[in-house]
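Just so it is clear, none of the values below were taken in a lab; they were calculated from the coordinates. Owing to the predicted nature of the structure, the values given are computational and were not obtained by experimental measurement. Positions of Cβ are backbone-derived with ideal geometry, glycine not excepted, and every protein chain shown enters the neighbour counts.
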Amino acid sequence: MHATRPRPLTARRNGPLHGRARVPGDKSISIRALILGALTVGETAIAGLLEGEDVLNTAQALRALGATLERRGGQWRVRGVGVGGFAAPAAPLDFGNSGTGCRLMLGAVGGCPVTAQFDGDASLRKRPMRRVLDPLERIGARALAAADGRLPLTLAGARDPLPIVFEPQVASAQLKSAVLLAGLNAPGETVVIEHEATRDHTEKMLAHFGAQVRVEPAGENGRRITLAGQPELTPAPIVVPADPSSAAFPLVAALLTQNSEVILEGVMLNPLRTGLLTTLREMGAVIDEVQRRTEGGEEVADLLVRGSTLRSVEVPASRAPSMIDEYPILAVAAAFAEGTTVMRGLKELRVKESDRLAGTAALLEGNGVEVEIKDDDLMVQGRGCAPGGGFVTTHMDHRIAMAALVMGLASERPVEIDDGSFIATSFPGFVELMCSLGAEVS
């Protein structure tokens, strides 16, 4: 499936980056806005939706389940079917490369009395789904899948869903969200108890659409989320802020190129998504917030980024949930810092679009940087510069691809990647945006 023609790309060292840019809308919020809009009764307007492949594949799956989605006048309009109102799709739901879309939709379908087939591309077929299927089966769904729970699989949603109390063993916003979405159609209260707080977009958006959601502290770093089941969700407009995970790439590129000055507009600053900014500032990065404001229920600001001299730091494991997608680009920044940067507790990176921990290490090693993986920790020996000159196999991972290209902009020699076509899953127009700021990528 998804036989896309490879798009090799090369990034070369360039002068300072300058200008203003707005990266695409946040992927996490875009996907959740479509799903929850489809579960309302009425029409929801969404502005700033990320029109990347992951989001568009989720939109197509929702159409197959009976919702109406269309793009009109620069906005997306979603006419929902109500909680529990999905219809059985006539063909498999194809999520392409999107783990977020697939796992959240497993939850949304798992609470409805319909049967659907789930599939994706070669990369998504390798990613584990069992951790999501286990709580869904407690709610009443039945999964017909390989023993290890990978795609393709058929999910028979619960005819009489049961509320559960669920304590995830891994910090995963996708897992938490799947359980809450399945719990929407269950009577009583569905509870998720997190030992480490993860991004809270689902809880915020459920409340935005009228659900009763209670969030309380649990333990030192955790949260207890309680959802009252069987609400009638009501349409509410959504403005999608710029994605901080996408902003990370031009941001680090500006930090690493001397005398750069770049403004990234309207970047979301949800406290559970700002681990990278915290870490980069500890490393000496000059990143200023301009015009902090609220858009779509989320804190945003324009980020003014200047070329900076970075030093090594130790990143605690407790910070991982707030920056889980940003470690490849942080590792690139660490390669240009002085000293050894240690990133702890990266187990979750092993089950991303690729084994992202191994992929990040290979990216750096192939470009002359000393790296060590010890258990779930990553150690990068920075020397203030990097040789570059490597050819990076991306393993169909959009974040590895973008991180490698950013490395090439500051390395002594160009960096080439085997395939940049998958960048469009989260950041359509990435190459064009970078070139508009003065980067050499082709």
Give, in whole angstrom and from largest to smallest, the semi-axes √(5λ) of the equivalent ellipsoid of the stretch 36-119, with λ running over the eigenvalues of the Cα gyration tensor. 19, 16, 10
Extension gain from T154 to D376, taking 0.36 nm per residue of separation minus the Cα-Cα distance: 76.7 nm
Of T393, A317, V179, which is farthest along the charge dipole of the chain in the positive direction, counting Lys and Arg as +1 and Asp and Glu as -1 at C-beta? V179
If R0 is 45 Å, what FRET efficiency do you get for S318 and A90 from their C-beta distance, rounded to 0.05? 0.50
So what's the back-of-envelope 222 nm ellipticity for the chain, counting only DSSP H runs of four-plus at -39500 (n - 2.57) apiece and dividing by all residues, rounded to 500? -8500 deg cm²/dmol
Taking the convex hull of the Cα atoms, report for the chain its projected area averaged over all directions, in nm². 18.6
Selection from G84, L124, I29 lying farthest towards where the dipole of the stretch 27-233 points positive, charges on Cβ: L124
I want the local charge near E43. Using Cβ-Cβ distances under 12 Å, sum +1 for each Lys or Arg and -1 for each Asp or Glu among the other residues. +2
Please list, in chain and number order, the residues 5+ apart from V286 or on another chain whose amide H is under 5 Å from its amide H, with Hs placed from the backbone. R306
Return the Cα extents of the stretch 342-442 along principal axes one, two and three, sorted largest first, each rounded to a whole Å. 39, 30, 20
Take the alpha carbon atoms of the stretch 121-176, find their center, do the same for the stretch 252-318, and report the distance between the two centers in whole angstrom. 35
Place +1 on the Cβ of every Lys and Arg and -1 on the Cβ of every Asp and Glu in the chain, take the dipole about the Cα centre, and give the residue among L227, V114, I263 whose Cα lies farthest towards its positive end. V114
Given 37 °C, 0.692 mPa s and a Kirkwood radius over Cα pairs, the Stokes-Einstein diffusion coefficient of the stretch 27-233 in µm²/s is 198
